[in-house]
Structure formats: C-alpha cells, structure tokens
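Take a look at the structure set out below.
The values are calculated or read from the model by the stated rules, or taken from the named source; none is laboratory data. Since this is a predicted model, take the numbers as computed values, not measurements. Note that each Cβ is placed from the backbone with ideal geometry, even for glycine, and that neighbours are counted across all protein chains shown. With ligands, DNA and RNA removed, areas are computed over all heavy atoms of the protein, side chains included. Shrake-Rupley method; radii C 1.70, N 1.55, O 1.52, S 1.80 Å.
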Amino acid sequence: MHILLPGPTPIPVQVQQAMLTPMSDHRGSPFQSVQNEVLKRLADLFSAPSPAHIAVLPATGTGGLEAAVQNFFEPGDRVLAVQTGLFGQRFADVAQAHGIEVERLSFPWGSAFDVNVVMERAKGTRGILVTHNETSTGVENPLAELAEKFSGNNPRPLVIVDSISGVPALPLAVGHGIDVIVAASQKGFMCPPGLALVVLSDEAREQLKETRKGRFYFDLKPYLDGRLPYTPAISLWYGLKAALTLLDEEGSTARLARHRFLRDMTRTVAAAGGLELMVQDRWASPTVTALGLPDHLSPLELRRRLEARGLQIAGGLGPWHDRGIRIGHVGALDAIEVAGGLALLALEMPRPADALMALKSLEG
Ligand SMILES: *Cc1c(COP(=O)(O)O)cnc(C)c1O
C-alpha cells in the first residue's frame, strides 16, 4: 500500500531495519548510548539548551499534549486555547478534562490565527495552547510571528505548541517566546506511532521545579534527569535514532524546501484538475493539503477506489468531512512518489488531462 497521509507516514528502510535490533536491558550500556545520541540529536534539532530539556515518552502525540498540560497547569488555572481546527479543539479538550479553566479562541475553519488577537486575549492567562500546523485544515499558523511578540516579554503566559504535524518538516526551535513543543514520531519523524516528544525552554524547565498534584506516568521530571522511569519503547528508540541520522543528512533548509515543493505540486495538480483548494496560498501547509471535491464525487467512494488501486489518502475532517479529502505530503516522500499518487487521483478529477499536464509545468 502507498500512503499520502498526514500520519502515519512511510518508514525509510534504514529506520525499519534499525527497529529489528534485538532487545537488551534498557538500563545497560548499548541502550544507554542510543538514548544519549537520540537526546543529543533532538536537542540540536530543536535548538534546545541541552538534552536535559527533552522528554521522549512512550505515547502518541496526544499523550505528549496531556503531559504538557499536567506538568504546567493545575485545576483552576486560566489558559487560552487557540483553535484553528479539530486538533486545536482537542488540545483545549485535554486541558479542560484536567479541570483547567480554558478560554477558547476560535478562528474560521481554513484560516490561520491572527497574532494580534491572540496577544490581546492572552493577557492575564497562565498559558496559551497553540497549534503550529493544523492537520485538519492544512493551515500553517504564523508561529514565528507570535513567538517574536512574546519573546523578551515578561511576565507572560507559557506558550505551549502542538507541532505534531509540523516539526521537523517545518523547522521549530524552543526558547525565544516558545516554551514547550510537543511532537510525535509518526509524521515528519518518519517512524511508527508510539513516541511523543516534549521539548522545554529554560523557563519551562525552571517552572517544573514547583510540585504539582495530578501527574504520575507523565511526570516529566525523571525524564529530564536523563532517567527512563518505565520501560521505554525500545524498538522505536532505535528507529528514531536512524531517522534522526537521515534528518541530519538532509538538513532543515533542504527539508523545508522539499515539503514546500510537494505542497505546491499537490495544489497545482488539484487546482488544474478542478478540485477546490480549501486554504489560501499564504496559509497553505507544507505537510498536508485539504481539497474540496465537486458534488458528484463522494470522498468515501473516491478513497475506496484509490485504495483498491493501492493508494490511501485521508478524508476531510469536521465541516469538510462530507465533501473533502486531505493529501499528506510529509516525511519520507519524494517528488516522484507524490506525483505518482497525484496522477492516480488526477484520473478521478473533473479535468484529468489538465491535471496531468500540470505535472509537466512543475519540471525545473
Ligand atoms: C496527528 C496529530 C495529533 C494527534 O496525535 P496522535 O499521535 O494521534 O495522538 C495532534 N495534533 C496534531 C496537530 C496532529 O497532526
């Protein structure tokens, strides 16, 4: 099966092979060196002050969001949740489930957040929860702009970012206005699902010293001391180590350029073939694209036909569920793989020939 999904994403063969490494004691020296290398490479990738600012948890991304909420807030704390789609809503739901007083600030489906409005509403809150790349709509939010406004601004709310479908396809550094970044293994990190990454700024790490109730499994403190309090997902760590090597080899500038090219290819072909681009160019995410189908095409039927030919794409979410699809172009994918999937999709579009010829316009 070929997949153009915003997670899980294809696993490179180097990662797949690394995960076959036999088990050994996770407190013994072979695993210790894997742990050290992974944490060091992650610290570099996120520009974190040290490996002791990174926790790798055995959980999916949502577990990382829950860990962030549990470790930094207590019931009754006021927090601003910025919602630009389904995943922003879920982050707010996680906080609400923990008794946090969540103020929800929603922006229209398909648009990015407005930095000035966020700044205004964030006043007097203990923290803000934001989504870097909203996977349900295919919007990249102006996170750098927000971070710049908060940077050096003291006291200020703790800025906690869900970048599960953003980093490392979209470069993101902790610090300078961003206090906590949550990422996961199964999207741009090219690994199977099962590891959540929680990355802390110096300020965030300092705040963890306060004792708080209501956390146990996800207490970040032992992780930040370099300990693994419970059995780690050993095979996934081996996979992540191999993936980080590949990510380093490519470099973040080339990686961002590759993802932008895959996005542009997707949008160009879809628009030429008669599908609707649900997000304006200026907000279009480099990792996932939401497309609207004409009335006569049912998303479910379309996806079933593609799957029968060996290609899986994602369905629309929320208000776009009944008329939309999403194409993931994130992780270990190159132009030929994405073009192949788009060609199959083009055959189902209102103007197949125009869609296929649009591929030609993308040649260098
Ligand atoms: C995929 C995703 C999640 C959910 O992650 P799980 O690994 O399924 O728990 C959360 N937020 C965003 C932005 C995502 O793309």
Self-check item: region 311-358, residues that are over 27 Å from the mean Cα position of the chain (by Cα), open to solvent by 40 Å² or more (accessible area, probe 1.4 Å) and not charged (D, E, K, R)
Solution: Leu347, Pro350, Pro352, Ala353, Leu356, Met357
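Please verify whether Ala97 is within 16 Å of the ligand (Cβ to nearest atom) and farther than 21 Å from Arg267 by Cβ, treating the condition exactly as stated. Steps first, answer last, please.
Numbers: within 16 Å of the ligand (Cβ to nearest atom): yes; farther than 21 Å from Arg267 by Cβ: yes.
Taking the combined requirement at face value, the residue satisfies it.
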Exercise. Mind telling me which of the residues Val38, Val15, Val56 ends up being outside any helix (DSSP H, G or I) and in contact with a helix residue (DSSP H, G or I) (Cβ under 9 Å, 6 or more places away or on another chain)?
Key: Val56
Quiz item: So which residues in region 20-70 are among the basic types (Lys, Arg) and farther than 14 Å from Leu240 by Cβ, if there are any at all?
Solution: Arg27
Practice problem: Considering each residue of region 91-143, count those that are without any contact (Cβ under 8 Å) to a residue 40 or more places away in the chain, aliphatic (A, V, I, L, M) and not in a strand (DSSP E or B), and give that number. | Solution: 10
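Restricted to region 46-84, and to residues that are of a type in the set (Gly, Ala, Ser) and within 16 Å of the ligand (Cβ to nearest atom), which residue is farthest from Tyr238 (Cα to Cα)?
The first filter runs over region 46-84 and keeps only residues of a type in the set (Gly, Ala, Ser), leaving 47-48, 50, 52, 55, 59, 61, 63-64, 67-68, 76, 81.
Still in the list and also within 16 Å of the ligand (Cβ to nearest atom): 55, 59, 61, 63-64, 67-68, 81.
On the way: Ala55: 16, Ala59: 16, Gly61: 18, Gly63: 20, Gly64: 20, Ala67: 23, Ala68: 25, Ala81: 35 Å.
Among residues in region 46-84 that are of a type in the set (Gly, Ala, Ser) and within 16 Å of the ligand (Cβ to nearest atom), the one farthest from Tyr238 (Cα to Cα) is Ala81.
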Quiz prompt | Of residues in region 34-56 being free of Cβ contacts under 8 Å to residues at least 24 places away in the same chain and open to solvent by less than 70 Å² (accessible area, probe 1.4 Å), the one nearest to Asp202 (Cα to Cα) | solution = Ser50
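Can you give me the number of residues within region 176-220 that are among the small types (Gly, Ala, Ser), away from the ligand (no atom under 16 Å from the Cβ) and part of a loop (DSSP other than H, G, I, E, B)?
Filtering region 176-220 for residues among the small types (Gly, Ala, Ser) gives 177, 183-185, 188, 194, 196, 201, 204, 214.
Checking which are away from the ligand (no atom under 16 Å from the Cβ) leaves us with 177, 201, 204, 214.
In the following step, the residues that additionally are part of a loop (DSSP other than H, G, I, E, B) were identified as 177, 201, 214.
Total meeting the criteria: 3.
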Quiz prompt | Conditions (1) outside any helix (DSSP H, G or I); (2) open to solvent by 20 Å² or more (accessible area, probe 1.4 Å): number failed by Glu66 | solution = (1)
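Does Ser29 count as modelled with pLDDT under 95, open to solvent by 10 Å² or more (accessible area, probe 1.4 Å) and away from the ligand (no atom under 16 Å from the Cβ)? Outline the logic, then answer.
Working: modelled with pLDDT under 95: yes; open to solvent by 10 Å² or more (accessible area, probe 1.4 Å): yes; away from the ligand (no atom under 16 Å from the Cβ): yes.
Taking the combined requirement at face value, the residue satisfies it.
Return a yes/no flag: does region 16-25 have any residue that is within 16 Å of the ligand (Cβ to nearest atom) and under 22 Å from the mean Cα position of the chain (by Cα).
Taking region 16-25 first, the residues within 16 Å of the ligand (Cβ to nearest atom) are none.
Looking through region 16-25, none of the residues is within 16 Å of the ligand (Cβ to nearest atom) and under 22 Å from the mean Cα position of the chain (by Cα).
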Quiz item: If you check Glu37 against the conditions, is it within 25 Å of Phe216 (Cα to Cα) and among the charged types (D, E, K, R)?
Solution: no
Quiz item: Is it true that some residue in region 296-316 is touching a residue at least 24 places away in the same chain (Cβ under 8 Å), under 18 Å from Glu140 (Cα atoms) and of a type in the set (S, T, N, Q)?
Solution: no
Quiz item: For Thr131, which of the numbered conditions (1) buried (at least 23 other Cβ atoms within 10 Å of the Cβ); (2) more than 16 Å from the ligand (Cβ to nearest atom) fails to hold?
Solution: (2)
Exercise. Please name all residue pairs, on different chains or six or more residues apart, with Cβ atoms under 9 Å, provided the first residue is in region 188-199 and is at positive phi and the second residue is at pLDDT 95 or above and assigned to a strand (DSSP E or B).
Key: Gly194/Pro58; Gly194/Ala184
Practice problem: Hey, can you tell me all the residues within region 74-90 that are open to solvent by less than 10 Å² (accessible area, probe 1.4 Å) and outside any strand (DSSP E or B)? | Solution: Thr84, Gly85, Gly88
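Being under 22 Å from the mean Cα position of the chain (by Cα) and hydrophobic (A, V, I, L, M, F, W, C) is the filter; apply it to region 287-310 and report the residue that is farthest from the ligand (Cβ to nearest atom). Working first, answer last.
Applying the first criterion (under 22 Å from the mean Cα position of the chain (by Cα)) to region 287-310 yields 287-291.
So of that shortlist, the ones also hydrophobic (A, V, I, L, M, F, W, C) come out as 288, 290-291.
Values: Val288: 8, Ala290: 13, Leu291: 17 Å.
Ranking the qualifying residues of region 287-310, first place goes to Leu291.
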